[in-house]
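A.B. asks: Pasting a structure here, questions to come.
The values are calculated or read from the model by the stated rules, or taken from the named source; none is laboratory data. If you're wondering where the values come from, they're calculated on a predicted model, not measured in any experiment. Because the Cβ atoms are built from the backbone with ideal geometry, glycine has one as well, and the counts that use them run over all protein chains shown. Areas reflect the complete protein model, heavy atoms only, side chains present, ligands, DNA and RNA absent. Shrake-Rupley method; radii C 1.70, N 1.55, O 1.52, S 1.80 Å.
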Amino acid sequence: MTTTFADLTTMRVGGPIGHLHVAETGAEAIDVLRAATAAGDPLLVMGGGSNLIVGDVGWDGTVVKMASTELEMDGQLVTAAAGVEWDRLVKATLDEGLAGLEALSGIPGLVGGTPVQNVGAFGTVTSDVLDSLSVYDRQTGLLERWTSDRCGFGSHRQSVFKRSDRWVVLEVTYRLRRSDQSRPVEYVDLASKLGIEVGGTAPASDVREAVLALRRTRGMVLDPEDHDTWSVGSFFVNPVLTEVPDRARDCPRYPDVKGTKLPAAWLIERAGFPRGYGEEWGNGTVALSRRHALAVTNRGGATTSEIMKFAAHIREGVEGCFGIRLGPECDLVNCSF
Ligand SMILES: Cc1cc2nc3c(=O)[nH]c(=O)nc-3n(C[C@H](O)[C@H](O)[C@H](O)COP(=O)(O)OP(=O)(O)OC[C@H]3O[C@@H](n4cnc5c(N)ncnc54)[C@H](O)[C@@H]3O)c2cc1C
């Protein structure tokens with residue numbers, strides 16, 4: 001039976017895959033990448049499929065799914081292959097007495113995806129802990145070792161890897177701290193759950209448990225029984241603007257290197273789309289999560305085109321209300337809204 005993207009992504013939509021290669025090692029991935037490039041075969045690299053939506057037409061070419069699982073700890077440096085499951089890495093580092101990743105507990109996907117969108121949660125982003133990575137350059141055919149400063153981190157959820165098919169991340173090294181105490185907790189809800197002041201620290205394993213508990217209340221830990229988690233997490237990116245329109249003057253604001261960042265969830269809810277919105281819209285297969293307005297969810301049986309139609313509907317509503325056009329945080333392939 002043909003594998004589809006619906007089988008391999010957390011949104012559970014998307015059409016058939018031409019040729020699927022599950023690469024068990026970095027070397028195997030490079031071989032497939034070289035062969036596909038030489039043959040001029042369209043190529044798509046994926047990890048856990050938790051930030052990716054592909055059209056109902058699927059992908060008529062090669063898909064490389066990273067599945068390399070080497071993991072090495074050397075002092076405070078931890079090196080993981082692109083195919084290591086992210087949360088397995090977080091737990092393994094905490095079990096080894098290494099702190100730094102605790103706030104990123106419970107995020108779906110694989111190690112190779114973390115630098116792509118500079119994954120972050122509860123005040124920690126990948127670039128805070130990333131030491132270096134190995135990257136294969138499809139244009140030159142070279143394997144290179146990059147330090148964090150080459151990755152183009154800066155503005156919210158950006159990197160040079162995002163939406164570029166030039167580089168493939170093969171392995172990532174994180175610089176952690178040998179300590180049982182967390183990084184300072186800057187996030188109000190998390191500090192309050194831990195019973196500490198904002199800026200204080202707590203045992204890193206307690207922070208992990210508190211983060212997982214908070215994420216579950218928001219439908220942000222994958223659960224096949226729970227449609228609120230059939231998503232890509234945040235569907236829309238928090239907009240960064242050089243000038244905030246007057247209509248959005250009441251919206252909370254956060255500084256960003258490129259301007260002012262506004263919370264997209266606030267804009268969506270205030271534009272008349274509460275959590276759970278959509279169950280009465282269309283044929284009921286797509287709705288906002290009942291626990292988080294930023295997550296577009298598949299209620300069962302949705303297609304990519306239904307997801308796109310719904311996303312366009314939300315975007316138009318927000319634009320009409322505030323004059324701010326929301327864009328996707330996830331990667332859209334062979335589909336758009
Ligand atoms: C329930 C839920 C909660 C989430 N919560 C968060 C959160 O708190 N914070 C957050 O930042 N994100 C969150 N996400 C989004 C997602 O988990 C992350 O973006 C994750 O890092 C994606 O990794 P992946 O392996 O699934 O990548 P995929 O979805 O497979 O791929 C995403 C993109 O990265 C590219 N890519 C993947 N691997 C590589 C590689 N090795 N080299 C080059 N390109 C690659 C793909 O081509 C694609 O463009 C959440 C998603 C879900 C479903």
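A.B. asks: Need the list of lysines near K91 for cross-linking: C-alpha distance under 29 angstrom, and skip anything on the same chain fewer than eight residues off.
C.D. replies: Output for K91: K65, K162, K193.
A.B. asks: Please list V45, V198 from largest to smallest accessible area, probe radius 1.4 Å, with all protein chains kept in place.
C.D. replies: The ordering from most to least exposed comes out as V198, V45.
A.B. asks: While we're here: Grab the beta carbon distance between R177 and E209, set R0 = 22 Å, and tell me the FRET efficiency rounded to 0.05. The partial results should precede the final answer.
C.D. replies: Values: r = 19 Å, r/R0 = 0.87.
With R0 = 22 Å, the Cβ-Cβ based efficiency is 0.70.
A.B. asks: Report the label-to-label distance for M1 and L241 in nanometres (one decimal), using points 7 Å from each Cα along the Cα→Cβ vector.
C.D. replies: 4.7 nm
A.B. asks: Suppose all protein chains stay in the model; what accessible area per residue would a 1.4 Å probe give for the chain, in Å²? Can you show the working numbers first?
C.D. replies: Numbers: 14780 Å² over 337 residues.
Value for the chain: 44 Å² per residue.
A.B. asks: Heavy atoms of the protein only, probe of 1.4 Å, neighbouring chains included. What is the accessible area of K258 in Å², nearest 10?
C.D. replies: Rounded to the nearest 10, that gives 130 Å².
A.B. asks: While we're on this one: So for the pair A27, R270, with labels modelled 7 Å out along Cα→Cβ, what separation do we get in nm?
C.D. replies: So the two model labels end up 5.6 nm from each other.
A.B. asks: Further, regarding this structure: Of V90, V257, which has the most accessible area and how do the rest follow, probe 1.4 Å?
C.D. replies: Working: V90 0, V257 120 Å².
My answer, sorted largest first, is V257, V90.
A.B. asks: Same structure again: Modelled label-to-label distance, L142 and R249, 7 Å Cα→beta-carbon offset: nm?
C.D. replies: Taking the simple label geometry, L142 and R249 are separated by 5.4 nm.
A.B. asks: Determine the order of Y187, Y174 by accessible area, beginning with the largest, at a probe radius of 1.4 Å. Kindly include the intermediate steps, with their values, before the conclusion.
C.D. replies: On the way: Y187 85, Y174 0 Å².
Result of the area sort, largest leading: Y187, Y174.
A.B. asks: Can you give the three extents of the C-alpha atoms in the stretch 1-114 along their principal axes, from longest to shortest, in whole Å?
C.D. replies: So the extents along the principal axes, rounded to whole Å, are 45, 30, 20.
A.B. asks: Net charge near T229, counting Lys/Arg +1 and Asp/Glu -1 over other residues with Cβ under 12 Å of its Cβ? Could the numbers behind the result be given before it?
C.D. replies: Details: positive: R12, R215, R216, R218, R290, R291, R299; negative: D223, E225, D226, D228.
The answer is +3.
A.B. asks: Taking amide hydrogens as modeled 1.01 Å from N in the peptide plane, which residues meet the under 5 Å criterion relative to H19, leaving out close sequence neighbours?
C.D. replies: G61, T62, V63
A.B. asks: For the chain, with equal point scatterers placed on the C-alpha atoms only and solvent neglected, what are the log10 I(q)/I(0) values from the Debye formula at q = 0.12, 0.13, 0.14 1/Å, to two decimals?
C.D. replies: Per q value, in the given order, log10 I(q)/I(0) is -0.89, -1.05, -1.22.
A.B. asks: Once ligands and nucleic acids are excluded and a 1.4 Å probe is used, how much of D223 is accessible, expressed in Å² to the nearest 10?
C.D. replies: Using a 1.4 Å probe on the heavy atoms, I get roughly 60 Å².
A.B. asks: In terms of the Cα gyration tensor, with a ≥ b ≥ c the square roots of its eigenvalues, is the stretch 5-66 rounded because a/c is under 1.5, prolate because a/b exceeds b/c, or oblate? Let's see the in-between values first.
C.D. replies: Details: a/c = 2.80, a/b = 1.48, b/c = 1.89.
Judged from the Cα gyration tensor, the stretch 5-66 comes out oblate (a/c at least 1.5, b/c at or above a/b).
A.B. asks: Related question: Quote the accessible area belonging to S205 in square angstrom, nearest 10, computed with a 1.4 Å probe and with ligands, DNA and RNA left uncounted.
C.D. replies: 70 Å²
A.B. asks: To the nearest Å, what is the center-to-center distance of the stretch 138-201 and the stretch 1-32, using C-alpha atoms only?
C.D. replies: What the calculation gives is 25 Å, centre to centre.
A.B. asks: Ok, one more. Tally Lys/Arg at +1 and Asp/Glu at -1 over every other residue whose Cβ is under 13 Å from the Cβ of E144; what's the total?
C.D. replies: Values: positive: R138, R145, R150, R166; negative: D137, E171.
Its environment carries a net charge of +2.
A.B. asks: Then there's this: Give me the percent relative contact order of the chain, please, defined on Cα pairs under 8 angstrom at least 6 residues apart.
C.D. replies: Details: 750 pairs, mean separation 54.8, N = 337.
Once normalised by length, the contact order is 16 percent.
A.B. asks: Calculated from DSSP H runs of 4 or more alone, at -39500 (n - 2.57) each and per residue, what is the 222 nm mean residue ellipticity of the chain, nearest 500?
C.D. replies: -7000 deg cm²/dmol
A.B. asks: Identify the residues of the stretch 166-185 with backbone N under 20 Å of a label point that sits 7 angstrom from the Cα of E197 along the Cα-to-Cβ direction, or state none.
C.D. replies: Residues passing the 20 Å test: 181-185.
A.B. asks: Only sites in a loop by DSSP and with at most 15 other Cβ atoms within 10 Å count here; which chymotrypsin sites (Phe, Trp or Tyr not before Pro) in the stretch 209-280 make the cut? Walk me through the numbers on the way to the answer.
C.D. replies: Details: sites: W230, F235, F236, W266, Y277; in loops: W230, F235, Y277.
Taking the stretch 209-280 and a limit of 15 other Cβ atoms within 10 Å, no loop chymotrypsin sites (Phe, Trp or Tyr not before Pro) are found.
A.B. asks: Rounded to a whole number, what % of the accessible area of the chain do carbon and sulfur atoms account for, probe 1.4 Å? Kindly include the intermediate steps, with their values, before the conclusion.
C.D. replies: On the way: 7090 of 14780 Å².
It is 48 percent, rounded to a whole number.
A.B. asks: Would you list the P(r) distribution for the stretch 146-286, with all Cα-Cα distances sorted into 5 Å bins from 0 and each bin expressed as a whole %?
C.D. replies: Whole-percent P(r) values from 0 Å outward: 2, 7, 11, 13, 16, 21, 17, 9, 4, 1, 0.
A.B. asks: Counting only DSSP beta bridges with both residues in the chain, tell me the antiparallel percent, nearest 5. Please list the in-between numbers first.
C.D. replies: On the way: 38 of 51 bridges.
About 75 percent, rounded to the nearest 5.
A.B. asks: Thinking of the stretch 74-177 as a set of Cα atoms, what percent of all their pairs are more than 22 Å apart?
C.D. replies: Numbers: 1223 of 5356 pairs.
The calculated P(r) of the stretch 74-177 puts 23 percent of pairs beyond 22 Å.
A.B. asks: Give, rounded to the nearest 20 debye, the magnitude of the charge dipole that the chain has about its Cα centre when Lys and Arg contribute +1 at Cβ and Asp and Glu contribute -1 at Cβ. The partial results should precede the final answer.
C.D. replies: Values: 34 positive and 44 negative charges, 170 e Å.
Dipole size: approximately 820 debye.
A.B. asks: Work out how much length E72 to S164 would gain on full extension: take 0.36 nm times their residue separation and subtract the Cα-Cα distance, in nm to one decimal. Please list the in-between numbers first.
C.D. replies: On the way: separation 92, 0.36 × 92 = 33.12 nm, distance 2.80 nm.
30.3 nm is the gain from fully extending E72 to S164.
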